[in-house]
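Student: Have a look at this one.
The values are calculated or read from the model by the stated rules, or taken from the named source; none is laboratory data. Owing to the predicted nature of the structure, the values given are computational and were not obtained by experimental measurement. Here the Cβ positions follow ideal geometry from the backbone for every residue, glycine too, while neighbour counts run over all protein chains shown.
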């Protein structure tokens with residue numbers, strides 16, 4: 001089995017984890033990693049929103065899947081666009097890591113402790129909007145590069161702090177770099193954050209059967225609701241959208257957020273539904289946010305990004 005993966009340390013660590021899980025479940029199956037350089041890896045000096053957003057990190061890998069050059073792709077679900085190319089599916093979603101964002105800094109203990117006009121690095125419109133909502137004085141500056149590169153830029157003094165996903169630091173074993181966790185109640189993560197998605201060809205029933213032991217149904221349902229929410233809202237551009245779902249007893253709870261880029265307007269609601277209505281819940285939350293005023297924000301963002 002050939003796994004297509006990006007070449008960053010984090011991507012190789014995540015793909016290596018899946019490689020070991022498959023080999024543990026099926027000792028007779030040999031799994032190889034095939035490194036594929038994506039457009040997102042090649043363009044490191046431009047904000048994601050200006051060059052096409054999250055799909056830049058999966059396009060070439062999906063092309064390799066369709067060309068049967070690899071059999072499986074391991075993605076961070078927050079990098080996967082809401083709509084997949086024809087013939088491909090997210091066949092398996094393993095158990096989720098910590099979905100929260102985190103602050104990494106050398107001074108202070110959280111956003112409130114950063115000095116006035118602190119420089120905070122992030123390439124995410126969603127993170128930037130929420131940072132500005134909490135601290136309008138903070139200067140959010142573009143931060144691109146792999147996880148280790150971003151940490152090095154902080155260490156080199158280019159920023160006072162940076163915001164990252166907890167999951168990546170946890171998977172790399174770099175938890176000691178975390179200054180503060182940004183709780184979901186105050187700082188909503190990206191759709192799919194903390195979850196991995198195993199993408200494969202829809203007609204490849206053999207690979208899907210081999211991957212079945214890795215699937216986590218609770219994570220899968222939560223991510224399904226989040227992606228339904230994203231698909232209902234999002235056009236062709238990256239926009240300040242956050243979403244997080246979790247199981248609460250026998251129901252599924254989804255919180256969705258749409259913000260203006262400057263953080264001055266934030267629309268956020270939480271709704272619940274039976275677990276088997278994940279898609280409908282995502283559509284409902286998106287619809288209510290649009291009715292509440294989020295539509296004007298999305299239209300404005302899309303015009304500003306020349307979509």
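Student: For segment 95-106, does any single residue satisfy the condition of being more than 28 Å from residue 298 (Cβ to Cβ), modelled with pLDDT of 90 or more and outside any loop (DSSP other than H, G, I, E, B)?
Tutor: The answer is yes, given that some residue of segment 95-106 is more than 28 Å from residue 298 (Cβ to Cβ), modelled with pLDDT of 90 or more and outside any loop (DSSP other than H, G, I, E, B).
Student: Could you please let me know if residue 203 is out of contact with any strand residue (DSSP E or B) (no Cβ under 8 Å at 6 or more places or on another chain) and modelled with pLDDT of 95 or more?
Tutor: Against the criterion (out of contact with any strand residue (DSSP E or B) (no Cβ under 8 Å at 6 or more places or on another chain) and modelled with pLDDT of 95 or more), residue 203 qualifies.
Student: Name the residue that is farthest from residue 150 (Cα to Cα), counting only residues in segment 107-117 that are in contact with a strand residue (DSSP E or B) (Cβ under 9 Å, 6 or more places away or on another chain) and part of a helix (DSSP H, G or I).
Tutor: If we take residues in segment 107-117 being in contact with a strand residue (DSSP E or B) (Cβ under 9 Å, 6 or more places away or on another chain) and part of a helix (DSSP H, G or I), then 113 is farthest from residue 150 (Cα to Cα).
Student: If residue 17 passes every condition in (1) at pLDDT 95 or above; (2) closer than 23 Å to residue 244 by Cβ; (3) buried (at least 16 other Cβ atoms within 10 Å of the Cβ) but one, which one does it miss?
Tutor: (3)
Student: Considering each of 159, 181 in turn, give the residue that is farther than 29 Å from residue 69 by Cα and outside any loop (DSSP other than H, G, I, E, B).
Tutor: The match here is 181.
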